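Report on the structure given below.
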Amino acid sequence: MVTGQNLSNPSAESRLIAFLRDAKPADRRVWLAGLSPEQRASVALVVERIAADPWSQYREDPIGFVERGLCESLWSKQRDILLSVRDNKRTAVPACHAPGKSHLAARIVAWWTMTNPIGTSQVVTTATTFRQVRNILWAHIRTLHAKHNLDGNCLTTEWKRNNSVCAFGFAPAQYNEAALQGIHAPNLLIVVDEAGGISDAIGTAIEALMTGEHTRLLLLGNPPTDTNRSWFERCCNSPLYNTIRISAYDTP
């Protein structure tokens, strides 16, 4: 059972939210009776925030965002990827063809966008070509946004909330490192789809964005068979990355 203490800690707050949601009313009453006035005030602030912004309860619970918030199912590797993005600064997913990488990436973009406060959050997605950005990942994002009537306006490769751009997709020229300069936010998520085709120059520029404390980088792709030691391959083998490999034999 949670204690009501240290609610500024994200994992403690996540446990509190799960307890308040799942506990029997009698157990909640007993638990609340044992809290100090200061602890009750902290709990009340969390409850008031969730009442005003229900999606914020999933800020530290991406699996709950998908399974309870969106009422969708996940399989084991998808859960692993969601938890890795939450817990690790860098995640690489070298995978077989068609295991649902872009489908899941759209849910990760939505989780980040909907659970972080407006004005503090930014998602940047990229791929080798703009056609891939527009027709693969952002096709999934647009469909997800419409299906679940998520907040804001979702355009071709841009998602706005309260007239603030909280997520966008683009494909810089493969040697134009300057195209990624100036991207920053307290809560920054970078998603690289079709990462096997990303050049060293763009890869270096992406790494330069990873200085923030709450910054996450997710790489998804099929490792190229005709390029030795590509940027994506090196990332997959780097100790800086939590690498989750998906073979054809892993998929449901």
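The values are calculated or read from the model by the stated rules, or taken from the named source; none is laboratory data. Since we're looking at a predicted model, the values are computed, not measured. Methodologically, a virtual Cβ is constructed for each residue, glycine included, from the backbone with ideal geometry; neighbour enumeration extends over all protein chains shown. Just the protein is used for accessible areas: all its heavy atoms, side chains included, with ligands, DNA and RNA removed. Shrake-Rupley method; radii C 1.70, N 1.55, O 1.52, S 1.80 Å.
Any idea what the dipole of region 140-252 comes to, in debye rounded to 20, about its Cα centre with Lys/Arg Cβ at +1 and Asp/Glu Cβ at -1? Write out the running numbers ahead of the final one.
Working: 8 positive and 11 negative charges, 66 e Å.
The calculation lands at about 320 debye.
Excluding THR215 itself, calculate the net charge of residues whose Cβ lies under 15 Å from the Cβ of THR215, where each Lys or Arg counts +1 and each Asp or Glu counts -1.
Neighbourhood net charge equals +1.
5 Å is the cut-off here: which amide hydrogens, built 1.01 Å from N in the peptide plane, fall below it relative to GLU194, excluding neighbours closer than 5 in sequence?
Those lying under 5 Å, H to H, from GLU194 are LEU220.
Give me the number: length gained by fully extending ALA146 to ARG245, i.e. 0.36 nm times residue separation minus the C-alpha to C-alpha distance, one decimal in nm.
Details: separation 99, 0.36 × 99 = 35.64 nm, distance 3.05 nm.
Between ALA146 and ARG245, full extension yields an extra 32.6 nm.
Among VAL123, ALA44, ALA23, whose Cα lies farthest out toward the positive end of the dipole of the chain, if unit charges sit on the beta carbon of Lys, Arg (+1) and Asp, Glu (-1)?
ALA23
Compute, for region 1-149, the length of the dipole vector about the Cα centre, with Cβ point charges of +1 (Lys, Arg) and -1 (Asp, Glu) only. Units Debye, rounded to 20. Write down the numbers at each step before the final one.
Working: 20 positive and 12 negative charges, 94 e Å.
For this selection, approximately 460 debye.
Which stretch or stretches of region 98-122 have amide N atoms under 18 Å from the point lying 7 Å from HIS214's Cα along the Cα→Cβ direction?
In region 98-122, the label zone of HIS214 (backbone N under 18 Å from the point 7 Å along Cα→Cβ) covers 108-122.
Could you let me know the centre-to-centre spacing of region 12-38 and region 67-135, using Cα atoms, in angstrom?
With region 12-38 and region 67-135 each reduced to a Cα centre, they are spaced 31 Å.
Carbon and sulfur: what percent of the chain's accessible surface (1.4 Å probe)?
Details: 6230 of 12260 Å².
Ligands and nucleic acids excluded, carbon and sulfur give 51 percent.
What is the local net charge at GLN174, summed over the other residues whose Cβ is closer than 13 Å to its Cβ (Lys, Arg +1; Asp, Glu -1)?
On the way: positive: none; negative: GLU177, GLU194, ASP200.
Result for the neighbourhood of GLN174: -3.
Where a Cα-Cα gap under 23 Å defines reach, which lysines qualify for LYS77, not counting those fewer than 8 residues away within the same chain?
Leaving aside lysines fewer than 8 places away in the same chain, those within reach of LYS77 are LYS89, LYS101.
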